[in-house]
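Colleague: Just passing along the structure, written as structure tokens.
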Amino acid sequence: MTAKGFFISFEGGEGAGKTTQIKRLKDWLESSGHAVILTREPGGTPEAEKIRDLLVKRDGGNWDGLTELLLFFAARRHHVETLIKPAMAEGKVVICDRFADSTEAYQCFGHGVSTDIYAQIKTIVLGDFAPNLTFLLDVPVNIGLKRSKRVNDSTTVLSDAEVEDRFERLDVSFHEKLRQGFLTIAARETNRFKVIDALQSLDEITTCIENAVNDRLQDNV
Ligand code: T5A
């Protein structure tokens, strides 16, 4: 258990390897005696998971970029206030698969919503609350999409409408824009971000992540 809670987010385009690394990080932290909460966005609470369905399922709805942004922040407010902050108050390490940087990358850099609007709504919803550490797993778009497609193709129990690929199905230029968006955001906040070349092997990436978390957790005591 840490003296204070600690909040780690993972970001990246489709199929960057976030989910795989998050599971490894959770196991490693727990084996070192930390209490860990693993969560995701959009979603993380029953209410926010309902909003997730509107956003990521193939038949979720035909939203414009600003409406999407508002839905992501509505889900995020519930998630932060009812799950993330209470867990941190108990001294837990919270690991979140995507957070607000995904909204700036996908809805602003990808769909063209103004970054001023993003900044204003972020301030209303989050104030100055932010992850202590953010990993950006950076992978070329064609490779990430191939990895992600393999995962969705293997979800044979879901009907077409239920498959979570509403963003994955957008064209390659959209994914290129959001990849550059993530790199721009990371370059702006070098203290919070650690950018990782996600073409490395699973074990090499895990080692980078564990080393960075170890350093930051020592500073957090
Ligand atoms: N979204 C989300 C927004 O538009 N705005 C927002 O504000 C938010 C929060 C849902 C969607 O919502 C959008 C973005 C998304 O489109 P999601 O549920 O996180 O987001 O969905 P994805 O990012 O699409 O999740 P994926 O499962 O596709 O990607 P992951 O989690 O990054 O990748 P992972 O770990 O599942 O790995 C995919 C495959 O690659 C292999 C794995 O074994 C797996 O088969 N792999 C590797 N192979 C070789 N080398 C490596 N290093 C590998 N790492 C993983």
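The values are calculated or read from the model by the stated rules, or taken from the named source; none is laboratory data. The structure displayed is predicted, hence computed values, not measured ones. Here the Cβ is made from the backbone with ideal geometry for all residues, glycine too, and neighbour counts use every protein chain on show.
Colleague: Return the pairs, sorted by first residue and then second, in which the second residue is of a type in the set (A, V, I, L, M, F, W, C), the first residue lies in segment 144-167 and is modelled with pLDDT under 65, the beta carbons are less than 8 Å apart, and the residues are 6+ apart or on different chains.
Modeller: ASN152/VAL163; THR155/VAL163
Colleague: If we keep just the residues of segment 168-181 that are within 11 Å of the ligand (Cβ to nearest atom) and either part of a loop (DSSP other than H, G, I, E, B) or free of Cβ contacts under 8 Å to residues at least 40 places away in the same chain (or both), which is surrounded by the fewest Cβ atoms within 10 Å (Cβ to Cβ)?
Modeller: The qualifying residue surrounded by the fewest Cβ atoms within 10 Å (Cβ to Cβ) is ARG169.
Colleague: Tell me, please, whether a residue that is touching a residue at least 40 places away in the same chain (Cβ under 8 Å), assigned to a loop (DSSP other than H, G, I, E, B), surrounded by fewer than 23 Cβ atoms within 10 Å (Cβ to Cβ) and of a type in the set (Val, Ile, Thr) can be found in segment 40-52.
Modeller: no
Colleague: Does LYS57 satisfy the criteria of being in contact (Cβ under 8 Å) with a residue 60 or more places away in the chain, out of contact with any strand residue (DSSP E or B) (no Cβ under 8 Å at 6 or more places or on another chain), within 18 Å of THR134 (Cβ to Cβ) and not hydroxyl-bearing (Ser, Thr, Tyr)?
Modeller: no
Colleague: What's the number of the condition LYS57 fails, among (1) crowded, with 19+ Cβ neighbours inside 10 Å; (2) within 11 Å of the ligand (Cβ to nearest atom); (3) of a type outside the set (Gly, Ala, Ser)?
Modeller: Result: LYS57 fails condition (1) only.
Colleague: Quick one: PHE6 ticks every box in (1) surrounded by fewer than 21 Cβ atoms within 10 Å (Cβ to Cβ); (2) over 22 Å from HIS111 (Cβ atoms); (3) modelled with pLDDT of 95 or more; (4) touching a Lys or Arg at 6+ places or on another chain (Cβ under 8 Å) bar one, so which box is it?
Modeller: Status for PHE6: all satisfied but (1).
Colleague: How many residues does segment 194-221 contain that are within 20 Å of the chain's Cα centre (by Cα) and within 16 Å of the ligand (Cβ to nearest atom)?
Modeller: Final tally of qualifying residues: 14.
Colleague: Could I ask something else about it? Specify the residue that is nearest to TRP28 (Cα to Cα); the eligible residues are those in segment 182-221 that are among the hydrophobic types (A, V, I, L, M, F, W, C) and in a strand (DSSP E or B). Don't jump to the end; show me each part of the working.
Modeller: So the first thing to find is which residues in segment 182-221 are among the hydrophobic types (A, V, I, L, M, F, W, C), and the list is 182-183, 185-187, 193, 195-196, 198-199, 202, 205, 208-209, 212-213, 217, 221.
Checking which are in a strand (DSSP E or B) leaves us with 193, 195-196.
Working: PHE193: 20, VAL195: 20, ILE196: 18 Å.
Taking the candidates together, the pick is ILE196.
Colleague: Could I ask something else about it? Which numbered condition trips up GLU189, out of (1) under 26 Å from VAL113 (Cβ atoms); (2) near the ligand (Cβ under 9 Å from one of its atoms)?
Modeller: The one condition GLU189 does not meet is (2).
Colleague: Spot the failing condition for GLY33; the list is (1) assigned to a strand (DSSP E or B); (2) free of Cβ contacts under 8 Å to residues at least 60 places away in the same chain, and only one is missed.
Modeller: That leaves (1) as the condition not met.
Colleague: Among VAL80, VAL36, which is the only one that is surrounded by 15 or more Cβ atoms within 10 Å (Cβ to Cβ), closer than 20 Å to ALA100 by Cβ and of a type in the set (A, V, I, L, M)?
Modeller: VAL80
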